[in-house]
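Everything below concerns the one structure shown next.
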Amino acid sequence: MKTYSQKGSEISRQWWLIDASSMPLGKLAVVIADKLMGKSKVTYTPHIDNGDYVVVINAKDLVVTGDKMVQKKYYRHSGYPGGIKELKLKEVIEKDPSRAIIEAVKGMLPKNKLAAERLKRLRVFAGSEHAHAAQNPKEIK
């Protein structure tokens, strides 16, 4: 029996639709990362980017458990001394609801050359309307 290795010409991508208000942030990020990497496909090959497109709606209605809205913090640094900035999850969702989901999914993806291309296939929308209805995305419950 031989091990199957998918070729770049054999890649077929699907579109998936996920409602962010249906599950907590961590579980949502796991499902999204799985679809972006293509691990749920039988043709999964680690060195080939055969993942699907994922559309996330209702990012402003994000669900988190416990006190994460006020305790979870996002940091960024300008590169200058004393240039660290800190935002709580609640502030991030008010400012840009898609950032919280993108950061969570980015942390779940492997840190390699394929990560940037995989993350480009993630589309996050704050409301229930999205611009990818023509692709007929399948809904994930």
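Evaluating Lys35 against the criteria (1) in contact with a helix residue (DSSP H, G or I) (Cβ under 9 Å, 6 or more places away or on another chain); (2) crowded, with 18+ Cβ neighbours inside 10 Å leaves one unmet condition, (1). When the residues of segment 38-50 are filtered to those that are buried (at least 16 other Cβ atoms within 10 Å of the Cβ) and among the polar types (S, T, N, Q), the one that is nearest to Val105 (Cα to Cα) is Asn50. No other residue among Lys39, Lys73, Lys106 is charged (D, E, K, R) and more than 15 Å from the chain's Cα centre (by Cα) apart from Lys73. The residues listed here are Ala131, Ala116, Ala126; of these, the one that is more than 19 Å from Met23 (Cβ to Cβ) and in a loop (DSSP other than H, G, I, E, B) is Ala131. Just checking, does segment 70-92 include any residue being surrounded by 15 or more Cβ atoms within 10 Å (Cβ to Cβ), in a loop (DSSP other than H, G, I, E, B) and of a type outside the set (D, E, K, R)? No, segment 70-92 has no match at all. Only residues that are touching a strand residue (DSSP E or B) at 6+ places or on another chain (Cβ under 7 Å) and closer than 30 Å to Ser9 by Cα were counted in segment 36-74, giving 6.
Scanning segment 1-28 for residues that are surrounded by 14 or more Cβ atoms within 10 Å (Cβ to Cβ) and hydrophobic (A, V, I, L, M, F, W, C) turns up Ile11, Trp15, Trp16, Leu17, Ile18, Ala20, Met23, Leu25, Leu28. Within segment 93-113, the set of residues being over 22 Å from Pro46 (Cα atoms) and in a loop (DSSP other than H, G, I, E, B) comprises just one member, Asp96. Within segment 51-69, restricting attention to residues that are assigned to a loop (DSSP other than H, G, I, E, B) and either touching a residue at least 60 places away in the same chain (Cβ under 8 Å) or in contact with a Ser or Thr (Cβ under 6 Å, 6 or more places away or on another chain) (or both), the residue that is surrounded by the most Cβ atoms within 10 Å (Cβ to Cβ) is Gly51.
For (1) hydroxyl-bearing (Ser, Thr, Tyr); (2) on the phi > 0 side of the Ramachandran plot; (3) out of contact with any helix residue (DSSP H, G or I) (no Cβ under 6 Å at 6 or more places or on another chain), each residue gets a yes or a no:
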{"residue": "Pro24", "(1), (2), (3)": "no, no, yes"}
{"residue": "Thr43", "(1), (2), (3)": "yes, no, yes"}
{"residue": "Tyr53", "(1), (2), (3)": "yes, no, yes"}
{"residue": "Lys72", "(1), (2), (3)": "no, no, no"}
{"residue": "Gly82", "(1), (2), (3)": "no, yes, yes"}
{"residue": "Lys85", "(1), (2), (3)": "no, no, yes"}
{"residue": "Ser98", "(1), (2), (3)": "yes, no, no"}
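Selection over segment 18-50 of residues that are aliphatic (A, V, I, L, M), assigned to a helix (DSSP H, G or I), out of contact with any Leu (no Cβ under 7 Å at 6 or more places or on another chain) and within 22 Å of Gly127 (Cβ to Cβ) gives a count of 3.
Bear in mind these aren't lab numbers, they're just calculated from the coordinates by the rules spelled out. The structure displayed is predicted, hence computed values, not measured ones. We place every Cβ from the backbone using ideal geometry, glycine too, and count neighbours over all the protein chains shown.
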